[in-house]
Amino acid sequence: MKGMKGFALALAILLVGSVIPLGLAESNNTTGSYTGVLDNSTREMVIAGQLIDQLQRLSRFAEDKIEPIKDRLPENSTVLTHYELAEDYREKAVSEYEASNYYSSILDSLTAMHHYKVALSALKEGREKAQDVRERIKLEIERLSEYFRFVEKTIRLAENQGIDVSNLTALYNETKDAYKVVLDDLKAGDYEKARADYEVAKEKKALLDRELRKVREELAYANADKIVKDFLIKGEKGMEIAQKAIEVGGENGYNVTELRERLNAFSEVYSQVKALADEGKWEDALTVMKDNRETIIEFHRAVEFVLRKVRERELDEKLKDVRAFLMEMNGRIQKDAKALRELKSRGVDTTRAEIQLKVAIQELRIGVELLKAKKPLQAKAHFAIALEVLHRVDEFILAHS
């Protein structure tokens with residue numbers, strides 16, 4: 001038993017510092033000066049007393065951290081379970097010390113400290129997870145601002161077409177309010193409530209999504225003639241690009257089988273839509289487009305791939321003379337900026353095109369900086385983005401001129 005007590009005392013001396021948070025281990029540590037000259041019973045009393053002192057400080061530290069949120073923690077949470085165990089062992093250790101049962105007091109003090117440490121570690125980990133959840137929720141809500149603007153625009157367009165938007169408007173307001181509640185929870189620091197309210201908000205958004213799709217479909221059929229005409233114009237241009245790519249690719253020994261298959265599938269859909277459009281059956285033509293959505297998407301993806309490769313080759317040629325390329329791009333940017341100002345003065349909404357132009361300018365600047373840093377491959381990637389975005393701006397200007 002004496003050997004066991006000696007081991008416990010040595011363990012106590014070693015563990016006092018290791019189980020206590022660094023900020024709490026600042027009391028006068030005189031154990032070393034006593035242990036060499038005092039007998040075992042006196043040593044037990046001194047160590048037990050120091051442990052009780054440290055334990056009381058640790059208890060106050062844990063209380064400050066845990067008590068304010070105690071009511072919000074689940075009953076079986078790690079934090080609460082170990083905190084309550086720590087409190088029980090602390091009270092037991094104090095009672096044992098007061099009864100001069102120093103050996104038992106030392107053991108129970110160490111046990112209490114262990115449980116405090118587990119509780120505080122779990123609390124820290126939980127807060128870090130809560131922080132991650134909070135940031136993820138905030139980021140998602142920020143992204144929703146664009147979505148809400150899209151819903152607002154749809155409501156305005158549908159109202160102008162005489163479409164009933166009462167359900168859409170109600171769900172929009174409910175969803176927006178639900179996400180506002182989540183933000184208020186986060187500002188108040190009530191992360192558990194924020195998480196629960198976030199689930200409610202997501203359910204509201206799911207209902208809003210369904211109603212939005214319904215109204216968008218009604219809106220599409222109300223504007224079937226415009227949508228079909230736009231499809232026919234873009235489709236004809238796409239087929240020309242694909243056909244030329246097949247001819248050039250075949251001459252150069254490339255495998256163009258997949259592109260030809262997609263062109264043939266799209267051509268059949270295009271012919272059906274055009275035949276119905278020629279008869280003025282716009283809604284029927286739109287239904288054909290809707291039923292063959294995947295075929296249309298796959299074809300336009302293939303055309304975009306061809307155009308991207310063409311632009312890559314175009315960029316390679318232009319970058320043989322970087323100075324001339326930058327002068328050309330600068331000229332195009334100034335020309336497009338002027339064209340957008342003119343369109344805006346005529347009442348055309350140029351917001352998206354203006355943003356794209358700013359992106360092109362930014363990508364061009366990044367590319368120049370990377371060239372200066374002798375990173376040509378990275379610079380080329382940014383120049384490619386600038387060229388691609390500028391093509392989109394040019395298409396917008398051409399479509400509205």
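The values are calculated or read from the model by the stated rules, or taken from the named source; none is laboratory data. Owing to the predicted nature of the structure, the values given are computational and were not obtained by experimental measurement. Glycine also receives a Cβ, built like all others from the backbone with ideal geometry; neighbour counts cover every protein chain displayed.
None of Ser145, Ser121 is surrounded by fewer than 17 Cβ atoms within 10 Å (Cβ to Cβ) and in the same structural domain as Glu84 (by TED's automatic domain parsing) except Ser121. Looking across the stretch 291-311, the residues that are free of Cβ contacts under 8 Å to residues at least 24 places away in the same chain and under 15 Å from Phe231 (Cα atoms) come down to Asp291, Asn292, Arg293, Glu294, Ile297, Arg301. Scanning for something in contact with a helix residue (DSSP H, G or I) (Cβ under 6 Å, 6 or more places away or on another chain), within 30 Å of Phe266 (Cα to Cα) and not aliphatic (A, V, I, L, M), does the stretch 339-361 turn up at least one residue? Scanning the stretch 339-361 turns up at least one residue that is in contact with a helix residue (DSSP H, G or I) (Cβ under 6 Å, 6 or more places away or on another chain), within 30 Å of Phe266 (Cα to Cα) and not aliphatic (A, V, I, L, M). Within the stretch 184-194, being surrounded by fewer than 16 Cβ atoms within 10 Å (Cβ to Cβ) and assigned to a helix (DSSP H, G or I) holds for Asp184, Lys187, Ala188, Glu192.
Of the residues that make up the stretch 328-349, is at least one of a type in the set (Asp, Glu), in contact (Cβ under 8 Å) with a residue 60 or more places away in the chain and surrounded by 18 or more Cβ atoms within 10 Å (Cβ to Cβ)? Yes, the conditions are met somewhere in the stretch 328-349.
Among the residues of the stretch 350-367, are any in contact with a Ser or Thr (Cβ under 6 Å, 6 or more places away or on another chain) and surrounded by 12 or more Cβ atoms within 10 Å (Cβ to Cβ)? No; the residues of the stretch 350-367 include none that is in contact with a Ser or Thr (Cβ under 6 Å, 6 or more places away or on another chain) and surrounded by 12 or more Cβ atoms within 10 Å (Cβ to Cβ).
Just one of the listed residues (Gly280, Gly249) is farther than 30 Å from Thr169 by Cα and in a helix (DSSP H, G or I), and it is Gly249. Among the numbered conditions (1) touching a residue at least 24 places away in the same chain (Cβ under 8 Å); (2) of a type outside the set (D, E, K, R); (3) in a helix (DSSP H, G or I), the only one that His382 does not meet is (1).
A single member of Ala220, Ala206, Ala201, Ala265 is more than 23 Å from Val151 (Cβ to Cβ), part of a helix (DSSP H, G or I) and hydrophobic (A, V, I, L, M, F, W, C), and it is Ala265.
Just one of the listed residues (Thr175, Thr154, Thr169) is closer than 21 Å to Ala206 by Cα, in a helix (DSSP H, G or I), in contact (Cβ under 8 Å) with a residue 60 or more places away in the chain and not aliphatic (A, V, I, L, M), namely Thr154. Is there a residue in the stretch 169-180 that is within 30 Å of Lys70 (Cβ to Cβ) and of a type in the set (Asp, Glu)? Looking through the stretch 169-180, none of the residues is within 30 Å of Lys70 (Cβ to Cβ) and of a type in the set (Asp, Glu). For Val368, state whether it is β-branched (Val, Ile, Thr) and either touching a residue at least 60 places away in the same chain (Cβ under 8 Å) or touching a helix residue (DSSP H, G or I) at 6+ places or on another chain (Cβ under 6 Å) (or both). Answer is no for this residue.
Looking only at the stretch 253-301, filter to residues that are of a type in the set (A, V, I, L, M) and under 15 Å from Ala242 (Cβ atoms); which one of those is surrounded by the fewest Cβ atoms within 10 Å (Cβ to Cβ)? Working first, answer last.
Filtering the stretch 253-301 for residues of a type in the set (A, V, I, L, M) gives 256, 259, 263, 265, 269, 273, 275-277, 285-286, 288-289, 296-297.
Still in the running and under 15 Å from Ala242 (Cβ atoms): 256, 259, 263, 265, 269, 296-297.
Numbers: Val256: 18, Leu259: 20, Leu263: 21, Ala265: 16, Val269: 19, Ile296: 21, Ile297: 11.
This residue is Ile297.
Restricting the first member to the stretch 264-282 and to residues that are under 16 Å from Asn223 (Cα atoms), and the second to residues that are among the charged types (D, E, K, R) and surrounded by fewer than 19 Cβ atoms within 10 Å (Cβ to Cβ), the beta-carbon pairs closer than 6 Å and six or more apart or on different chains are Leu276/Asp284; Trp282/Asp225.
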